Amino acid sequence: MRNISILGSTGSIGIQTLDVVRANKDIHVCAIAAGSNIQLLEKQIREFHPSIVCVWNEEKAKELAVCVADCKVKIVSGMEGLMEAATIQEAEIVVTAVVGMIGIRPTIAAIKAGKHIALANKETLVTAGHIIMPLAKENHIKILPVDSEHSAIFQCLNGENRAEIDKILLTASGGPFRGKKKEDLANIQVEDALKHPNWAMGRKITIDSSTMVNKGLEVMEAKWLFDVSFDQIQVVVQPQSVIHSMVQFMDGAVIAQLGTPDMKLPIQYALYYPERRFLAGGRLDFAALKDITFEAPDMETFEGLSLAYEAGRKGGSVPTVFNAANEKAVSLFLDRRIRYMQITEMIAYCMQQIPFIDNPSVEEILQIERMTYEKIESRWGV
């Protein structure tokens, strides 16, 4: 029996993780955590019987406690509760699927408590990779990527010598606006940006995919996960989302991981690594697959990707500024308070304005996040 904790159980990754649990009879969910969706949390409690449940919103936590008073479960809230869910003694693996920098502290706590990390929270490595990776190494903890692209790279590297990597080829679908130019994006509405051609994901990550900021975050994450330089990470647009990523080695050989666009595959692989198990669902039909095409990304139109490379190369606090500015801007766009093209405008502005810190601590990372939000609010009045 594998014991896991899921941080972000009501989001897209969390829900699909529970689908994997249902399909396999040897995983016990010890703890779950979510923001405020207590209706879904109650259903999850009654089905999976976790010992601890964290609701970020304290008032919602009180409401949930009343709803599940007949269940043997401890309801906690806030960051303290999230840390408790992340460090519950029984769990061997913590699935970190919360959105945002809120995931940093519980991930660190889980690593210190000896838990392996199934990582679905990009911000943890983007902003604190210089803290997380050495800590994981020191504590002999596996960081198991759940992103489809990073899982693909991880699988391609199975049994290979990482010192022999020449290049990581990080694939991108191109999102809903592939092929468009800046002038075509001037009047994009929320509904347009939420129509991803291949993947079913949460709202924020879908917007990030449309701007290619998501791919930029993945570039920064890949640097830490696979210990490579930014010059060794190349983004390749692969519109069919059949090749999830590739690795080119020093001898010129390229190994790719292919499959249907189903997030349950990387989730299950992380939970059972190094074992592979049967996974129900579609399979690639190579006879029916007419072609697999490749394109170079349009770094001028999709400025979020070029800004990410810039942030990653500068390092220090700049990736945190990039990430925080994007989080704020996407939230404002989803609330229809800014235009679509203002997302990358805000990121670029904050990267220029926020003071640089070379090796930020967790406290400084969170302070930089607040400074970035304040900079946007004072500049744009939103």
Looking at region 70-106, which of its residues are among the hydroxyl-bearing types (Ser, Thr, Tyr), within 18 Å of Ser151 (Cβ to Cβ) and either touching a Lys or Arg at 6+ places or on another chain (Cβ under 9 Å) or surrounded by fewer than 20 Cβ atoms within 10 Å (Cβ to Cβ) (or both)?
none
Quick test for you: out of Glu58, Glu47, pick the one residue that is under 24 Å from Ala109 (Cα atoms) and open to solvent by 60 Å² or more (accessible area, probe 1.4 Å).
Glu58
Listed residues Ile143, Ile207; which is open to solvent by less than 10 Å² (accessible area, probe 1.4 Å) and on the phi < 0 side of the Ramachandran plot?
Ile207
List pairs: first residue in region 146-169 and in contact (Cβ under 8 Å) with a residue 12 or more places away in the chain, second residue open to solvent by 20 Å² or more (accessible area, probe 1.4 Å) and of a type in the set (D, E, K, R) anywhere in the structure, Cβ distance under 8 angstrom, at least six positions apart or on different chains.
Arg162/Asp227; Glu164/Asp251
Restricting attention to region 324-382, and to residues there that are buried (at least 23 other Cβ atoms within 10 Å of the Cβ) and of a type in the set (Gly, Ala, Ser), which single residue is farthest from Ile132 (Cα to Cα)?
Ala329
Subset of region 288-305, residues assigned to a helix (DSSP H, G or I) and either open to solvent by 40 Å² or more (accessible area, probe 1.4 Å) or hydrophobic (A, V, I, L, M, F, W, C) (or both), comes to Glu303, Leu305
Keeping to region 133-180, report how many residues are of a type in the set (Phe, Trp, Tyr) and assigned to a loop (DSSP other than H, G, I, E, B).
1
Quick check, is Glu183 part of a helix (DSSP H, G or I), more than 22 Å from Gly100 (Cβ to Cβ), open to solvent by 30 Å² or more (accessible area, probe 1.4 Å) and among the acidic types (Asp, Glu)?
yes
Tell me the residue from Ile188, Ile207, Ile255 that is over 20 Å from Glu303 (Cα atoms) and either assigned to a helix (DSSP H, G or I) or in contact (Cβ under 8 Å) with a residue 60 or more places away in the chain (or both), please.
Ile255
Out of region 308-323, which residues are part of a helix (DSSP H, G or I), open to solvent by less than 20 Å² (accessible area, probe 1.4 Å) and under 18 Å from Met371 (Cβ atoms)?
Ala311, Val318, Pro319, Thr320, Val321, Phe322, Asn323
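The values are calculated or read from the model by the stated rules, or taken from the named source; none is laboratory data. Since we're looking at a predicted model, the values are computed, not measured. Neighbour counts run over all protein chains shown; Cβ positions are idealised from the backbone, glycine included. The area values use the complete protein model at the heavy-atom level, side chains included, leaving out ligands, DNA and RNA. Shrake-Rupley method; radii C 1.70, N 1.55, O 1.52, S 1.80 Å.
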